[in-house]
Amino acid sequence: MKKRKNIAILGSTGSIGRSSLEVIAACPDRFRLTYLTGHRNIELLREQVKLFKPRAVVVREEGNAALLRDRMNGSTEILSGEEGLREIVGRDDVDIVVSSLVGFAGLKPTLWALEAGKDVALANKETLVTGGEVIMRKVRKNRVRLLPVDSEHSAILQCLQGENPESIARLILTASGGPFLHLDKKKFSTITRAQALAHPTWKMGSKVTIDSATLMNKGLEVIEAYWLFGLPAEKIDVVIHPQSIIHSMVEFVDGSIKAQLGVPDMKIPIQYALTYPERFPASYGKVDFAALRQITFFEPDREKFRCLGLAYQALRMGGT
């Protein structure tokens, strides 16, 4: 029997963090949770600690860390701040770090994990958007794996297995189009927060859901794909696919196209990142093609969703 993989989750109380814990719980003979980090949701963090029994927990602010210490009665080591984050990602009992902190906050902890020689399952696309050149340099220098958790980039990674990089013609990222795909642009000024948070196919955190409603998230994913797979902007395309069954595609120089399909459940790409390059059995659901009936595609409306064009412009300009 293979040794269990030791996992540290940065941002365990967020959407990706919670889904990662579900994957770990479903595969107790494969994974062992060694460290958790959180921010303000102390009650949920306490419940996670009681259930998974990590060796230590990091809380961003010392005040909240002290509160958690009181509630845990000294049963678990509790650290705080950037010092705590840097310490746990470098410990010997970590094989892979799930980087699921929101926004720019994920950059430094991801760098620290890579510098410590750890593989990283990256759910924080802003890390590559803001520091892609530095991140990829660390990956190469330390000979570690940076494994995408975003479903689109996980799909591309799977499609590229066994392929010659020189045979790639383009990457095709799919996008659901969000809740306003068919809404007249003139009505955009009336959109409410609740409407923007009502994603038609995916269950995600608030920030990525809002960014998906404007296609800003897809623009960030284009930049992420550039850094992960090394293709220029003109070889990275976006297509609207409302059913969210095809998660992305790769077209090759001979005109062949490979696609990765699956139900829209983030636990699937999370598990692939944690088990890569192997696959383990899972029960997250399967595509019912008879019920699906059709798969449709549209060109994105770049006048209506201008954030997508801004992301391409930023990518071509370069820098951070």
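No value in this document is a laboratory result; all are computed from the given coordinates. Owing to the predicted nature of the structure, the values given are computational and were not obtained by experimental measurement. Positions of Cβ are generated from backbone atoms using ideal geometry, with glycine treated the same way; all protein chains shown enter the neighbour counts.
Quick notes
- Its DSSP H runs of at least 4 residues, each contributing -39,500 (n - 2.57), put the calculated 222 nm mean residue ellipticity of the chain at -12000 deg cm²/dmol, to the nearest 500.
- For the chain, averaging the sequence separation of C-alpha pairs within contact (under 8 Å, six or more residues apart) and dividing by the residue count gives a relative contact order of 16 percent.
- Over the chain, the pair-distance histogram of Cα-Cα distances with 20 Å bins from zero comes to 32, 58, 11, 0 percent, rounded to whole numbers.
- Euclidean distance of C-alpha centroids, the stretch 176-194 and the stretch 261-314, integer Å: 21
- Bridges between two residues of the chain, per DSSP, are antiparallel at a rate of about 25%.
- Based on alpha carbons, the Rg and Dmax found for the stretch 5-149 are 14.2, 43 Å.
- Counted by neighbouring Cβ atoms within 10 Å, the residues 261, 85, 101, 51 run from fewest to most as 51, 261, 85, 101.
- Normalised by residue number, the volume inside the convex hull of the Cα atoms of the stretch 162-320 is 151 Å³ per residue.
- Average projection area in nm² (convex hull over Cα atoms of the stretch 1-84, one quarter of hull surface): 5.3
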